[in-house]
1. Here are the criteria: (1) open to solvent by less than 10 Å² (accessible area, probe 1.4 Å); (2) of a type outside the set (Ser, Thr, Tyr); (3) in contact with a Phe, Trp or Tyr (Cβ under 6 Å, 6 or more places away or on another chain); (4) not in a loop (DSSP other than H, G, I, E, B). Tell me which single one Ala83 does not satisfy.
2. Take His119 and decide whether it is out of contact with any helix residue (DSSP H, G or I) (no Cβ under 8 Å at 6 or more places or on another chain), under 28 Å from Ser276 (Cα atoms) and open to solvent by less than 10 Å² (accessible area, probe 1.4 Å).
3. Can you pull out the residues in the range 125-150 that are open to solvent by less than 40 Å² (accessible area, probe 1.4 Å), in contact with a Phe, Trp or Tyr (Cβ under 6 Å, 6 or more places away or on another chain) and either hydroxyl-bearing (Ser, Thr, Tyr) or closer than 15 Å to Trp289 by Cα (or both)?
4. Can you tell me which residue is nearest to Phe229 (Cα to Cα) among those in the range 36-45 that are touching a residue at least 40 places away in the same chain (Cβ under 8 Å) and surrounded by 21 or more Cβ atoms within 10 Å (Cβ to Cβ)?
5. Give just the number: which of (1) modelled with pLDDT under 95; (2) among the basic types (Lys, Arg); (3) open to solvent by 60 Å² or more (accessible area, probe 1.4 Å); (4) closer than 23 Å to Glu234 by Cβ does Lys277 not satisfy?
6. Can you tell me which residue is nearest to Gln310 (Cα to Cα) among those in the range 109-120 that are in contact with a Leu (Cβ under 9 Å, 6 or more places away or on another chain) and not in a strand (DSSP E or B)?
7. Kindly check whether there is at least one residue in the range 40-54 that is in contact with a strand residue (DSSP E or B) (Cβ under 9 Å, 6 or more places away or on another chain) and assigned to a loop (DSSP other than H, G, I, E, B).
8. Any residue that is assigned to a strand (DSSP E or B) and either within 30 Å of Gln108 (Cβ to Cβ) or at pLDDT 90 or above (or both) - is there at least one of those in the range 286-293?
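The values are calculated or read from the model by the stated rules, or taken from the named source; none is laboratory data. This structure is a prediction, so every number in the text was calculated from the model and none was measured. All Cβ positions, glycine included, derive from the backbone under ideal geometry; neighbour counts span all protein chains shown. Note: accessible area is taken over every heavy atom of the protein model, side chains too, but ligands, DNA and RNA are not part of it. Shrake-Rupley method; radii C 1.70, N 1.55, O 1.52, S 1.80 Å.
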Amino acid sequence: MPTVQRLSPHDASNAARWDAFVLACPSATFFHRSGWQKIMREVFRHDTHFLYVEANGRIEGVLPLAHVKSMLFGNSLVSLPFAVYGGVAATSDAAARELEEEAQRIAQRLGVDHLELRHVAARHADWPLQDLYVTFRKEILPDEEANMLAIPRKQRAMVRKGIKNGLRSDIDADVDRFFALYADNVHRHGTPALPKRYFQALRDEFGQDCDVLTVSAPEGRPLSSVLSFYFRDEVLPYYAGDDESARDLAANDFKYWELMRRSCARGLKLFDYGRSKQGTGSYSFKKNWGFEPQPLHYEYRLYKRDAIPQNNPANAKYKLLIETWRRMPIGMANWLGPFVVRNLG
């Protein structure tokens, strides 16, 4: 019979078994990797419950969970905060059921307001569903010029504009240039920045499967930067930041082209543009690159609330907070931001 076990944060042997399963399991994602447990615990101070099902000495399913408790944003058990994908990854229905049932027992024992599982594919038609988000994924063609021609004409012209402007891209050895652009970018949008040490922790934990690409002007001034994850044959540009002048110089389009071009050269097969909220600028940008939206299925079990929480900038009740944050000096915003954003996920 399958039994549910819990991965200890300090159990390197079982962490290796966990990651071997994740790498082989078709429904697993980069966000199912065991390294996220260390990130959740050490950077954000969230308690974790990384569950796995074992039968006959083999892992048959995993479910990474973190407990996020906040006076401002509520009390929840989530798979997984700061991840676009999560939930159950299993090779059998029995293992998936065991994991979800254990997650519900833990949620009720902790007294959370809700349990949230960020599935790519629907699992429970009778669970409340957050339908705000979509993802964008598209094949990387084996030929560089074919990838260029696959970009719709208007955005392709922006890429060529960036090339004409003499922009260059480099893989950075640290997160310094990335963080400066990222923090300034989110501040202009009125949202708190994740701490710099979080991005460094991602680089340290995931090694060559996490890198930073930065685009510079001909004189060397950083314009645009992206931190990406690599999983199997996929590249996932995940966090990004741009200077205010990046748009006029086409640095943003050039940045993603350079990432796609480099990924093609590495033999990668899929470009994952990541999650966007419907009706936003990022949603339109990705559509304009020829990517089609695919719905995400964030499924909930509600215990102490009547509706799915809407802890995102689209919620009208955060309008005043966003405007206030925009006017805050960036030094203060970067200091205060991590205390706020750690509870959003």
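1. That leaves (4) as the condition not met.
2. yes
3. Passing the criteria: Phe136, Ile140.
4. From the range 36-45, those touching a residue at least 40 places away in the same chain (Cβ under 8 Å) are 36, 38-40, 42-45; that's our starting set.
With the extra rule that they be surrounded by 21 or more Cβ atoms within 10 Å (Cβ to Cβ), the set shrinks to 36, 39-40, 44.
Numbers: Trp36: 13, Ile39: 15, Met40: 17, Phe44: 20 Å.
My answer is Trp36.
5. Evaluating Lys277 over (1) modelled with pLDDT under 95; (2) among the basic types (Lys, Arg); (3) open to solvent by 60 Å² or more (accessible area, probe 1.4 Å); (4) closer than 23 Å to Glu234 by Cβ leaves (3) as the failure.
6. Quick first cut of the range 109-120, residues in contact with a Leu (Cβ under 9 Å, 6 or more places away or on another chain) only: 110, 112-120.
When the remaining residues are screened for being not in a strand (DSSP E or B), the result is 110, 112-113, 120.
Numbers: Leu110: 21, Val112: 16, Asp113: 13, Val120: 19 Å.
Going through the qualifying residues, I end up with Asp113.
7. Initially, the range 40-54 is screened for residues in contact with a strand residue (DSSP E or B) (Cβ under 9 Å, 6 or more places away or on another chain), giving 40-41, 44, 46-54.
From what's left, assigned to a loop (DSSP other than H, G, I, E, B): 44, 46.
Yes - at least one qualifying residue is present in the range 40-54.
8. Step one: of the range 286-293, the residues assigned to a strand (DSSP E or B) are 293.
Filter once more, keeping what is either within 30 Å of Gln108 (Cβ to Cβ) or at pLDDT 90 or above (or both): 293.
Taking every residue of the range 286-293 in turn, at least one turns out to be assigned to a strand (DSSP E or B) and either within 30 Å of Gln108 (Cβ to Cβ) or at pLDDT 90 or above (or both).
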